[in-house]
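So the structure is just underneath, and the comments pick up after that.
The values are calculated or read from the model by the stated rules, or taken from the named source; none is laboratory data. Please read all numbers here as calculations on a predicted model, not as lab measurements. Here Cβ is always computed from backbone atoms with ideal geometry, including for glycine, and neighbour counts include all displayed protein chains. The accessibility values were calculated without ligands, DNA or RNA, using every heavy atom of the protein model including side chains. Shrake-Rupley method; radii C 1.70, N 1.55, O 1.52, S 1.80 Å.
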Amino acid sequence: MAALLARLCRGAPGLRAARLPLAAAGPPLRPPRPLSFSASELVRAAPLPLQPYLRLMRLHQPAGTWLLYLPCTWSIGLAAEPGCLPDWHTLSLFGLGAVLMRGAGCTINDMWDRDYDRKVARTASRPLAAGDISTFQSFVFLGGQLSLALCVLLCLNYYSIILGAASLSLVVTYPLMKRITYWPQLVLGLTFNWGALLGWSAIRGSCEWSVCLPLYLAGVMWTLVYDTIYAHQDKRDDIVIGVKSTALQFKEDTKQWLSGFSLAMLLSLCMAGMNCNQTFPYYSAVAAIGAHLAHQIYTLDIDKPEDCWKKFASNRTVGVLLFIGIVLGNLWKQKDIKNAKEPLESRHFNK
């Protein structure tokens, strides 16, 4: 019995002959890749000729699109009638517009900066800098994006069409600001938060400035926070190639500046809320945003690019928190209206 077991362990001659050599058997099977619907995976799955254009409009990096879109949602939400949800058709239109205008802005930025981008490791693979797309092709692509964005804009009222068209000068000139001033992030804030004005006018037909201006200011301060953090990723390269940013302006005082911008943002949000009779859920969201920003700034390491990117990307949570607070606060208004009516009705009944 022991001899038989030993023979089986060694393998019978017939069994050994039946084994295939490793090379003949082919490479080992790899487990299938899990299905992913992330933006970067969708871009990689697109046809190869289309991929450089999708990367040019940063479709694989949707954080910037969210940061452009969220101020629009705040304004649309605040403009809704008490007790009502935001208008989903308008939210969808602005979502499409945000994708197109962010893509157009990135295309303009890369057209201006293609020579700079080649000198920075993080941006050297961008389609224009890498030569995947010619300047003429990018210009034609820009025209297509702006034409589609115009179609979206024409779905709005006349006031909003004029207001939206007025932002185009900011979109075109922003990429030049890093050559002129240490405050390009301020110009980006003025550009990226135009939706805080446009969203309200799309619903109400014009701007209520007592609400829209504080909301717009809050957005500008928010942009100064997250884009200064973003700029710290490239500060060494920026010094070498000679472009400016608030990261280079603030240096080691960055956290104090960010704290001041955050405080101004929170005060502006409170002012906007008071001027449109917002309720408890809204102010709870503002408090949560304050806590998020305080943690973000306190734990920030401005000398670690990976930490700067992580903190920058987390600002989508800030925008979503405020939108949820606006929606719940607006629904809470209906409850307040009912509570105010009930005593009046009871007094009338007692008479």
Practice item. Mind listing whichever residues of the range 271-284 are open to solvent by 10 Å² or more (accessible area, probe 1.4 Å) and either within 21 Å of the chain's Cα centre (by Cα) or among the small types (G, A, S) (or both)? Key: S284
Check your understanding: Which one of these does S92 not meet: (1) of a type in the set (S, T, Y); (2) modelled with pLDDT under 95; (3) in a helix (DSSP H, G or I)?
Key -> (2)
**Study point:** Unique match (being within 19 Å of A98 (Cα to Cα) and not in a helix (DSSP H, G or I)) among L163, L148, L156, L142
**Key:** L156
Review point. Name the pairs whose Cβ atoms lie under 6 Å apart, with the first residue in the range 81-102 and under 14 Å from G199 (Cα atoms), the second part of a loop (DSSP other than H, G, I, E, B) and open to solvent by 30 Å² or more (accessible area, probe 1.4 Å), and 6 or more positions between them or separate chains?
Key: L93/C155
Review point. In the range 285-318, which residues are basic (K, R), touching a residue at least 40 places away in the same chain (Cβ under 8 Å) and either open to solvent by 40 Å² or more (accessible area, probe 1.4 Å) or touching a Phe, Trp or Tyr at 6+ places or on another chain (Cβ under 6 Å) (or both)?
Key: R316
**Study point:** Criterion violated by A231 - all others in (1) open to solvent by 30 Å² or more (accessible area, probe 1.4 Å); (2) in contact with a Ser or Thr (Cβ under 7 Å, 6 or more places away or on another chain); (3) over 30 Å from S160 (Cα atoms) satisfied
**Key:** (1)
Check your understanding: How many residues does the range 152-180 contain that are open to solvent by 80 Å² or more (accessible area, probe 1.4 Å) and either more than 28 Å from G242 (Cβ to Cβ) or polar (S, T, N, Q) (or both)?
Key -> 5
Review point. If you check D132 against the conditions, is it part of a loop (DSSP other than H, G, I, E, B) and touching a residue at least 60 places away in the same chain (Cβ under 8 Å)?
Key: yes
Revision key, fill the gap. All-but-one check, V187 against (1) free of Cβ contacts under 8 Å to residues at least 60 places away in the same chain; (2) surrounded by fewer than 20 Cβ atoms within 10 Å (Cβ to Cβ); (3) within 30 Å of L248 (Cα to Cα), failing number (2)
Check your understanding: How about the range 108-151: which of its residues are buried (at least 18 other Cβ atoms within 10 Å of the Cβ), modelled with pLDDT of 90 or more and among the β-branched types (V, I, T)?
Key -> I108, I133
**Study point:** Single match in R236, R204 (criterion: of a type in the set (K, R) and within 16 Å of N157 (Cα to Cα))
**Key:** R204
Exercise for review: With the condition kept exactly as written, say whether any residue in the range 71-80 is closer than 30 Å to V286 by Cα and either in a loop (DSSP other than H, G, I, E, B) or free of Cβ contacts under 8 Å to residues at least 40 places away in the same chain (or both).
Suggested key: yes
